Amino acid sequence: MKRTIFFLADHTGITVEAMGRSLLSQFEGFDYETVHWPFIDSLEKARRVAERINQTTIESEQKPIVFTTLVDPRIRDYFKDLDVPVMDFFESFTSRLEEELKLPSSHALGRYHTTDNSRAYDQRIHAVNFALHNDDGAITKNYPAADLILIGVSRSGKTPTCLFLGLQHSVLAANYPLTDDDLHNDLLPKTLHVYRDKLYGLTIDPLQLQRIRQERRPDRRYSSLEQCKMEIKLAEELFKHYNIPYLDTTSMSIEEISARLLQHINRAAKVPVNSQ
């Protein structure tokens, strides 16, 4: 039976999820499902979350694991009384920093999103909106503004990677899906030719791709192993023919994929790309 993981935060919960998933990724074979509970900024909200956690314990007959980045000590203390393991990132590191810096923490909510960081925050929101508006090749008129255009077959990880790059790193990332027509023509779509220096391919093991597609459209040609093998083979041949860099995402987390792409973006910014 899957273990339930709760991610609790007083803001969006992006940080606690990234940190929690990074830790959980170190335990191979551990199967879990997640519950995200952001904006816990009052004791009343904390009480409702605690009730949900206790109910999950009863229903699953297993203690959920709770990850938090809650700042308010009153709200943090509320969850200490629960009979579940609580991984408190804020408490774990704040006291050590206070000792090292010889300064007290303000324990103020949402300090990261104050006016001091408003420009960076606005850039991230803009990048997320860019990823959403330029998803799956539906709109290509904004490609001149893109820092990166991911290409690959359906369900190879393009959309979540674009969103993560925008949310965490303010990268303007678009994505374009390679269709059957594109793959069988053995030609790069005309729309993409002028943006060759921005293209980066994503590929994936056909068996993994089939598992992902089966969850979306079971028992269809789209999710057959034969179709997945064919699409991946043709996509990789296309990447090689046009000298498009590409990455196998099969055993990589979103964080790892994004780190590799950031390295590529930084290198591309320093070295001119031959687009002939």
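The values are calculated or read from the model by the stated rules, or taken from the named source; none is laboratory data. As the structure is a computational prediction, the values presented were derived from the model and not from experiment. With ideal geometry, Cβ positions are generated from the backbone for all residues, glycine too; neighbour counts draw on all protein chains shown.
Which number in (1) within 24 Å of residue 198 (Cβ to Cβ); (2) within 17 Å of the chain's Cα centre (by Cα); (3) not basic (Lys, Arg) marks the one condition that residue 251 misses?
Among (1) within 24 Å of residue 198 (Cβ to Cβ); (2) within 17 Å of the chain's Cα centre (by Cα); (3) not basic (Lys, Arg), the lone unmet condition for residue 251 is (1).
Output the qualifying pairs, or none if there are none: Cβ atoms under 7 angstrom, residues six or more apart or on different chains, first residue in the range 31-60 and among the hydroxyl-bearing types (Ser, Thr, Tyr), second residue outside any loop (DSSP other than H, G, I, E, B) and surrounded by 14 or more Cβ atoms within 10 Å (Cβ to Cβ).
That search, which allows pairs on different chains as well, returns 32/3; 32/4; 32/5; 32/24; 34/5; 34/7; 56/4; 60/4.
I'd like to know if the range 124-143 contains one or more residues that are in contact with a helix residue (DSSP H, G or I) (Cβ under 6 Å, 6 or more places away or on another chain), in a strand (DSSP E or B) and either touching a residue at least 12 places away in the same chain (Cβ under 8 Å) or outside the structural domain of residue 193 (by TED's automatic domain parsing) (or both).
no
Give the residues of the range 166-197 that are in contact (Cβ under 8 Å) with a residue 60 or more places away in the chain, more than 15 Å from the chain's Cα centre (by Cα) and buried (at least 18 other Cβ atoms within 10 Å of the Cβ), sorted by residue number.
Result: 178, single match.
What pairs come up if the first residue lies in the range 65-79 and is farther than 21 Å from residue 24 by Cβ, the second is of a type in the set (Gly, Ala, Ser), and their beta carbons are under 8 Å apart, counting only those six or more places apart or on different chains?
71/108; 75/42; 75/46; 78/46; 78/50
I'd like to know if the range 147-158 contains one or more residues that are in contact with a helix residue (DSSP H, G or I) (Cβ under 9 Å, 6 or more places away or on another chain), surrounded by fewer than 19 Cβ atoms within 10 Å (Cβ to Cβ) and not in a loop (DSSP other than H, G, I, E, B).
no
For the range 190-219, give me each residue that is modelled with pLDDT under 90, of a type in the set (D, E, K, R) and not in a helix (DSSP H, G or I).
If the condition is that a residue be modelled with pLDDT under 90, of a type in the set (D, E, K, R) and not in a helix (DSSP H, G or I), then 217, 219 are the ones that fit.
So that you can scan it fast, the table gives a plain yes or no per residue for (1) more than 30 Å from residue 167 (Cα to Cα); (2) modelled with pLDDT of 85 or more; (3) outside any loop (DSSP other than H, G, I, E, B); (4) not polar (S, T, N, Q):
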| position | (1), (2), (3), (4) |
| --- | --- |
| 49 | no, yes, yes, yes |
| 91 | no, no, yes, yes |
| 95 | no, no, yes, no |
| 103 | yes, no, no, yes |
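Does residue 40 fit the bill of being at pLDDT 90 or above, of a type in the set (A, V, I, L, M) and part of a helix (DSSP H, G or I)? Quick ask: steps written out before the conclusion?
On the way: at pLDDT 90 or above: yes; of a type in the set (A, V, I, L, M): yes; part of a helix (DSSP H, G or I): no.
No: the conditions fail for residue 40.
List the residue pairs whose Cβ atoms are under 8 Å apart, where the first residue sits in the range 247-271 and is touching a residue at least 40 places away in the same chain (Cβ under 8 Å), the second is aliphatic (A, V, I, L, M) and in a helix (DSSP H, G or I), and the two are 6 or more positions apart or on different chains.
247/257; 247/261; 249/257; 255/18; 258/165; 261/165; 262/165
Which number in (1) buried (at least 17 other Cβ atoms within 10 Å of the Cβ); (2) part of a loop (DSSP other than H, G, I, E, B); (3) hydrophobic (A, V, I, L, M, F, W, C) marks the one condition that residue 30 misses?
(1)
Kindly indicate whether any position in the range 215-234 is under 18 Å from residue 158 (Cα atoms) and polar (S, T, N, Q).
yes
In the range 16-25, is there at least one residue being of a type in the set (Lys, Arg), more than 20 Å from residue 168 (Cα to Cα), in contact with a helix residue (DSSP H, G or I) (Cβ under 9 Å, 6 or more places away or on another chain) and surrounded by 15 or more Cβ atoms within 10 Å (Cβ to Cβ)?
no
Yes/no per residue for (1) closer than 25 Å to residue 148 by Cα; (2) surrounded by fewer than 19 Cβ atoms within 10 Å (Cβ to Cβ):
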position	(1), (2)
217	no, yes
223	no, no
245	yes, yes
255	yes, yes
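Can you tell me which condition residue 187 does not meet? The list is (1) assigned to a helix (DSSP H, G or I); (2) more than 20 Å from residue 131 (Cβ to Cβ), and all the others hold.
Checking residue 187 against (1) assigned to a helix (DSSP H, G or I); (2) more than 20 Å from residue 131 (Cβ to Cβ), the one that fails is (1).
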